[in-house]
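The values are calculated or read from the model by the stated rules, or taken from the named source; none is laboratory data. As the structure is a computational prediction, the values presented were derived from the model and not from experiment. Cβ atoms come from the backbone with ideal geometry, glycine included; neighbour counts cover every protein chain shown.
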Amino acid sequence: MEQKLFDTNVQWIKYKVLKEVIRRAYEGGLDDAYLDIPKIISPGPKSELNCCIYKERAIVQERIHMAMGGDKSNPNPVQVMETACDECPAAGMLVTEACRGCMMHSCKEVCPKGAITIVNHRCHIDKEKCIECGKCAAACPYSAIIAQKRPCIKSCKPKALSIRPEDDKAVIDNDKCISCGACVVSCPFGAITDRSLVLDIIDMLKQSEDNSRYRVYAVIAPAIVGQCRFGRIEQVVTAIKRLGFHQVVEAALGADITLYNEAREFQHKASESDSPVMTTSCCPAFVRFIETNFPEFKDAISTSPSPMITTARLIKRSDPTAKVVFIGPCAAKKFEYTLEKTGGMIDSVMSFEELQAFLDARGIDTTQCEDTFLDNASFYGRIFAKSGGIAQGVAHVAEKFGIEGVKPVVMNGIDQCRQHLALLRAKKETANFFEGMACDGGCVGGPLSITRSPKNVFDVDQYGNSAKEKDIDGSVALYQMTLSK
């Protein structure tokens, strides 16, 4: 079945809406999108997913809104669709049917707020008094008390999500949110999602007039190799060009240069301090996490731009009128590209989910495309897509250039980032070079991937090994050559 394109049915519905919006954008039918598309996605008369067909279509209208750009006044690309956000039970400590009405009453004895009483031989929790400390759950010999949290709340490691008490809707605090997209993946109703920029990209391609007025380049994240459910990566590159892009360039090229710059930057820090500390700058969600949760380490963040920005900068140095679109698995990239520090190097961002919808809306079958081989980057640049790839590359470059004292640590996911940064704050951390990835597994686990299969790591390793260049020398030489322009 076609749904096997994606891991979940939420992605499948999102894809169907995106595909229809893209198709209509080319055929001039967006004026009636909010009226027509809901009837195509949810034809009725019975609802398949919600209480009634009218609510189901109302949620589809919200999905159309997000596919057409969402709330553009909100700088956060991750947004809540309020109509879809209403099915989750109230959170808190919950007494299940496993409660046996025992005589021990351990739950009551350990409660520090007196929130537990025994009613008809069963535990009863007063929600007004309960502070959700979890001591009752730990004390119950039957494990009859559970801490019930909404999936989005559980997934949000920076604690940027809360529930609005008056209507039980999820609310995102933009001051705390790092746009990692974990909530997008975890919400079973797809009520939290990323706003799409695909209509802007379509306008960009159309106005280029087949790349005659200016050229539009696609920069692809190396994690794309794990997304090729149908066709080889070489065929996907050809398919992207058939969408109207002038050229496809690997972000791994910028990753090679980032390795060089970060190794040299560490060397400079080591020359000025006996205890240098540096973190990577490749993952914008990780960078944002430091800025909001460990601001004392902001100066430790590498000043090197991310591989996305570095690759785009190389393109625009050689083609000043170029437009550059990044294609990847990351929600935070939709935030990063808007930052002033990126210098406008990236003109828009497309997710892997959106790419699949774009290809299908345009009737491009990747399995029927000829091969277009890419040879922009080295083994080390390509393995940036997996957790540990940056640390592996930096260790290699440090050895190559005789940079001593680099002690890398791999932080896989925000929980590990918090753990090691807390150790650094307490002066108990032995590492001095911190590779941080917000997504578990690295970019291969990005929230806007078609699939987050464990196999993706194997695919990235294979992709790295297939690189003709086994070292970063060629990429660095190109970078240094463009500095004079």
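When the residues of the stretch 107-131 are filtered to those that are surrounded by fewer than 16 Cβ atoms within 10 Å (Cβ to Cβ) and among the charged types (D, E, K, R), the one that is nearest to Ile145 (Cα to Cα) is Arg122.
Surrounded by fewer than 21 Cβ atoms within 10 Å (Cβ to Cβ) and among the hydrophobic types (A, V, I, L, M, F, W, C), is that true of Phe189? Here the answer is yes, as Phe189 does meet what is asked. Of the residues examined, Ser275 is not one that is among the polar types (S, T, N, Q), surrounded by fewer than 22 Cβ atoms within 10 Å (Cβ to Cβ), in contact with a helix residue (DSSP H, G or I) (Cβ under 9 Å, 6 or more places away or on another chain) and in contact (Cβ under 8 Å) with a residue 60 or more places away in the chain. Identification of helices (runs of 4 or more DSSP H) wholly contained in the stretch 199-297 with 2 or more residues that are touching a Cys at 6+ places or on another chain (Cβ under 7 Å) yields 233-242, 284-293. Restricting attention to the stretch 194-242, the residues being surrounded by fewer than 21 Cβ atoms within 10 Å (Cβ to Cβ) and either closer than 20 Å to Pro77 by Cα or within 19 Å of the chain's Cα centre (by Cα) (or both) number 7.
Screening the stretch 454-485 for residues that are of a type in the set (A, V, I, L, M) and part of a helix (DSSP H, G or I) and picking the one that is farthest from Ser281 (Cα to Cα) gives Met481. The residue pairs whose first member lies in the stretch 453-479 and is of a type in the set (Val, Ile, Thr), whose second member is surrounded by fewer than 17 Cβ atoms within 10 Å (Cβ to Cβ) and in a helix (DSSP H, G or I), and whose beta carbons are closer than 6 Å, counting only pairs six or more residues apart or on different chains, do not exist in this structure. Residues in the stretch 247-261 that are in contact with a strand residue (DSSP E or B) (Cβ under 7 Å, 6 or more places away or on another chain) and either outside the structural domain of Phe352 (by TED's automatic domain parsing) or in contact (Cβ under 8 Å) with a residue 40 or more places away in the chain (or both): 5 in all. The set of residues from the stretch 34-43 being surrounded by 16 or more Cβ atoms within 10 Å (Cβ to Cβ) and either assigned to a loop (DSSP other than H, G, I, E, B) or among the hydrophobic types (A, V, I, L, M, F, W, C) (or both) comprises Ile37, Ile41, Ser42.
Among the numbered conditions (1) touching a residue at least 60 places away in the same chain (Cβ under 8 Å); (2) assigned to a loop (DSSP other than H, G, I, E, B), the only one that Thr193 does not meet is (2).
Tell me yes or no: at least one residue of the stretch 425-447 is surrounded by 15 or more Cβ atoms within 10 Å (Cβ to Cβ), out of contact with any His (no Cβ under 7 Å at 6 or more places or on another chain), of a type in the set (S, T, N, Q) and within 22 Å of Ser273 (Cβ to Cβ). Scanning the stretch 425-447, I find at least one residue that is surrounded by 15 or more Cβ atoms within 10 Å (Cβ to Cβ), out of contact with any His (no Cβ under 7 Å at 6 or more places or on another chain), of a type in the set (S, T, N, Q) and within 22 Å of Ser273 (Cβ to Cβ), so the answer is yes. Screening Asp175 with (1) surrounded by 15 or more Cβ atoms within 10 Å (Cβ to Cβ); (2) closer than 30 Å to Cys443 by Cβ gives one miss only, at (1). Can you say whether Ser302 is of a type in the set (S, T, N, Q) and over 15 Å from the mean Cα position of the chain (by Cα), as far as the supplied structure shows? Yes: the conditions hold for Ser302. Residues in the stretch 262-271: is at least one crowded, with 21+ Cβ neighbours inside 10 Å, under 20 Å from the mean Cα position of the chain (by Cα) and not assigned by TED's automatic domain parsing to the domain that holds Pro158? Looking for residues that are crowded, with 21+ Cβ neighbours inside 10 Å, under 20 Å from the mean Cα position of the chain (by Cα) and not assigned by TED's automatic domain parsing to the domain that holds Pro158, one finds none in the stretch 262-271, hence no. Inspect the stretch 157-173 for any residue being part of a helix (DSSP H, G or I), at pLDDT 95 or above, of a type in the set (Val, Ile, Thr) and under 20 Å from Asn74 (Cα atoms) and give the result as yes or no. There is no residue in the stretch 157-173 that is part of a helix (DSSP H, G or I), at pLDDT 95 or above, of a type in the set (Val, Ile, Thr) and under 20 Å from Asn74 (Cα atoms).
Given Cys156, Cys136, which one is of a type outside the set (S, T, N, Q), in the same structural domain as Thr193 (by TED's automatic domain parsing) and within 40 Å of the chain's Cα centre (by Cα)?
Values: Cys136 fails: in the same structural domain as Thr193 (by TED's automatic domain parsing).
The conditions single out Cys156.
Sub-6 Å Cβ pairs linking a first residue in the stretch 344-360 that is in contact (Cβ under 8 Å) with a residue 60 or more places away in the chain and surrounded by fewer than 23 Cβ atoms within 10 Å (Cβ to Cβ) to a second residue that is acidic (Asp, Glu) and in a helix (DSSP H, G or I), at least 6 apart or interchain, are Ser348/Asp200, ordered by first then second residue.
Restricting to strands (runs of 3 or more DSSP E) lying wholly in the stretch 44-155: which have 2 or more residues that are farther than 30 Å from Arg195 by Cβ and in contact (Cβ under 8 Å) with a residue 24 or more places away in the chain? Outline the logic, then answer.
Working: elements: 78-80, 92-95, 116-119, 122-125, 145-148.
Filter on the stretch 44-155 gives 92-95, 122-125, 145-148.
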